[in-house]
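The values are calculated or read from the model by the stated rules, or taken from the named source; none is laboratory data. Values in this document were obtained by computation on a predicted structure and should not be read as measured data. Neighbour counts are summed over all protein chains in view; Cβ atoms, including those assigned to glycine, are modelled from backbone coordinates with ideal geometry.
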Amino acid sequence: MATIVSFVLLGIGILALVLRRDLVIKLLALGLINASSILFLVSIGNRPGGRAPIQFPGETAVLVDPLPQALVLSAIVVNFAILALALVFVMILVERYHTTDAQRIEQEMSRETDEEETPCL
Amino acid sequence: MSTQKRWIVCSVGIVAFFVVLLSITYMASMPDSADSERYLSIPIEVSGAANRVAGIYLNTRLFDTLIEILVFSVAVLGVRYYLSHSPQISLPSLSESAVVRTAAGILGPLALLLSVYFATFGHISPGGGFAAGVIAASAVLYVAIAQGMQATEARLSPQRIAAAEKGILLFLFLWILLPLAFGDAPLTELLPPGTPGKLLSAGSILPYNLLIGIKVFFGAWLIIAAFAQHRGDL
């Protein structure tokens, strides 16, 4: 079930990333995609009747797979780092162009480039 | 077909492609559990950590974790650099209500205590350095909400914290190279694993958890402080 939910979240994330023009929404979509991959990794580590992977000497209980959980840790940290950096870049763009609309920012940038390339008469 | 409709069709197509591709990959080859079995077959006495996850990311796959810490440091550096080089903005200060400030003042120290517990007991119970660091940064954010950003920055100066953060990173890398001095390969465990389940066990995992906790705390606090300085206030 969790695996299916992770695929659904991935779909929503990719759709929002592609369809929405707002840069902040795009960042949120990236976060959603990351959450879906975390959920997927945790769900594939599940085992029926498995306990949290904390084991003391002599215990033989069934544990869930600890490897995906260790990998998920990296995913969370790297996502946090990427989102913080991306947010800074979005802030810089917003301060310069006064909009979060990706299409308008592109138009402004191409207009600026055209103006720079136009020879002075 | 209008541009927007074309975008929607393309997007749905891309999503459908990815979902079908992932589903087929997942169904065709269920994740190979051989790797996991290999990790689980290692007795806990080897790493000494009752927490299997800590035993993996701070012992068997320590190299991954160190690179991950490096990525985090680079991100902190990037955030501070770009924010300090972009013009400061002055938004109207939003003061929190007395209820929020009082609650934050009470919750801050409790969250800090929880972070110390997570870092110290991360090898025998759920937790670890990364979680502890983020909780500690949240705790200081609570304190900043309660007492104001300027008072908090006066105690935790970003310049000094940045130097300490880089110092911890350097120390961690020196620690993994230290075995070379004894003629061993880098990443060789220096401390004895001890008895799993005891507080003083798991070799270097306890100091790693503490150091990573402090480092992540410093890094997250630097990011918060950089955003707050850029904005003028919290």
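In this entry, A:F56 is excluded by the filter for residues that are farther than 23 Å from B:N209 by Cα and either within 10 Å of chain B (Cβ to nearest Cβ) or among the aliphatic types (A, V, I, L, M) (or both).
Just one of (1) over 29 Å from B:I224 (Cα atoms); (2) more than 12 Å from every other protein chain (Cβ to nearest Cβ); (3) part of a helix (DSSP H, G or I) fails for A:K26. It is (1).
For segment B:68-119, taking the residues that are more than 14 Å from every other protein chain (Cβ to nearest Cβ) and of a type in the set (D, E, K, R), the one that is surrounded by the most Cβ atoms within 10 Å (Cβ to Cβ) is identified as B:R101. Filtering segment A:68-98 to residues that are at the interface with chain B (Cβ under 8 Å from one of its Cβ atoms) and among the small types (G, A, S) leaves A:A70, A:S74, A:A81, A:A84.
So in segment B:39-65, with the set limited to residues that are at the interface with chain A (Cβ under 8 Å from one of its Cβ atoms) and surrounded by fewer than 22 Cβ atoms within 10 Å (Cβ to Cβ), which one is farthest from B:L169 (Cα to Cα)?
Our first condition is that a residue be at the interface with chain A (Cβ under 8 Å from one of its Cβ atoms); within segment B:39-65, this holds for B:39-40, B:44-45, B:50-53, B:55-57, B:61, B:64-65.
Subset that is surrounded by fewer than 22 Cβ atoms within 10 Å (Cβ to Cβ): B:39-40, B:45, B:61, B:64.
Working: B:Y39: 27, B:L40: 30, B:E45: 28, B:R61: 18, B:D64: 14 Å.
Among residues in segment B:39-65 that are at the interface with chain A (Cβ under 8 Å from one of its Cβ atoms) and surrounded by fewer than 22 Cβ atoms within 10 Å (Cβ to Cβ), the one farthest from B:L169 (Cα to Cα) is B:L40.
Looking at the structure I just gave you, is A:V88 crowded, with 16+ Cβ neighbours inside 10 Å and of a type in the set (A, V, I, L, M, F, W, C)? So A:V88 fits the description; yes. All of A:L39, A:L83, A:L63, A:L71 fail the test of being of a type in the set (A, V, I, L, M), over 21 Å from B:I69 (Cβ atoms) and in contact (Cβ under 8 Å) with a residue 24 or more places away in the chain, apart from A:L39. Note on segment B:138-161: residues that are within 16 Å of B:R80 (Cβ to Cβ) and buried (at least 21 other Cβ atoms within 10 Å of the Cβ) amount to 0. In segment A:14-37, the residue that is farthest from A:V94 (Cα to Cα) out of those that are surrounded by 15 or more Cβ atoms within 10 Å (Cβ to Cβ) and in contact with a Ser or Thr (Cβ under 6 Å, 6 or more places away or on another chain) is A:S36. In summary, B:P196 fulfils each of the numbered conditions (1) within 22 Å of B:V116 (Cα to Cα); (2) at pLDDT below 85; (3) surrounded by fewer than 17 Cβ atoms within 10 Å (Cβ to Cβ) with the single exception of condition (3). Considering (1) crowded, with 17+ Cβ neighbours inside 10 Å; (2) more than 7 Å from chain B (Cβ to nearest Cβ); (3) within 18 Å of the chain's Cα centre (by Cα); (4) more than 30 Å from B:V46 (Cβ to Cβ), the lone condition that A:F40 does not fulfil carries the number (4). Do we find that B:G105 is at pLDDT 80 or above and either over 26 Å from B:I224 (Cα atoms) or outside the structural domain of B:H123 (by TED's automatic domain parsing) (or both) in this structure? Taking the combined requirement at face value, the residue does not satisfy it.
Among the residues of segment B:118-144, the ones that are out of contact with any Gly (no Cβ under 7 Å at 6 or more places or on another chain) and within 17 Å of B:A202 (Cβ to Cβ) come to 7 in all.
Residue-by-condition table, conditions (1) in contact (Cβ under 8 Å) with a residue 40 or more places away in the chain; (2) in contact with a Leu (Cβ under 9 Å, 6 or more places away or on another chain); (3) in the same structural domain as B:N51 (by TED's automatic domain parsing); (4) buried (at least 19 other Cβ atoms within 10 Å of the Cβ):
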position: B:I135; (1), (2), (3), (4): no, yes, yes, yes
position: B:E165; (1), (2), (3), (4): yes, yes, yes, yes
position: B:L169; (1), (2), (3), (4): yes, yes, yes, yes
position: B:F173; (1), (2), (3), (4): yes, yes, yes, no
position: B:W221; (1), (2), (3), (4): yes, yes, yes, yes
position: B:I224; (1), (2), (3), (4): yes, yes, yes, yes
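The conditions of being modelled with pLDDT under 90, within 14 Å of chain A (Cβ to nearest Cβ) and surrounded by fewer than 22 Cβ atoms within 10 Å (Cβ to Cβ) are met by B:R231. Considering each residue of segment B:139-151 in turn, at least one proves to be touching a Leu at 6+ places or on another chain (Cβ under 9 Å), part of a loop (DSSP other than H, G, I, E, B) and either at pLDDT 85 or above or not hydrophobic (A, V, I, L, M, F, W, C) (or both).
For B:K215, the criteria (1) within 23 Å of B:L66 (Cβ to Cβ); (2) basic (K, R); (3) surrounded by fewer than 22 Cβ atoms within 10 Å (Cβ to Cβ) hold in every case but one, which is (3).
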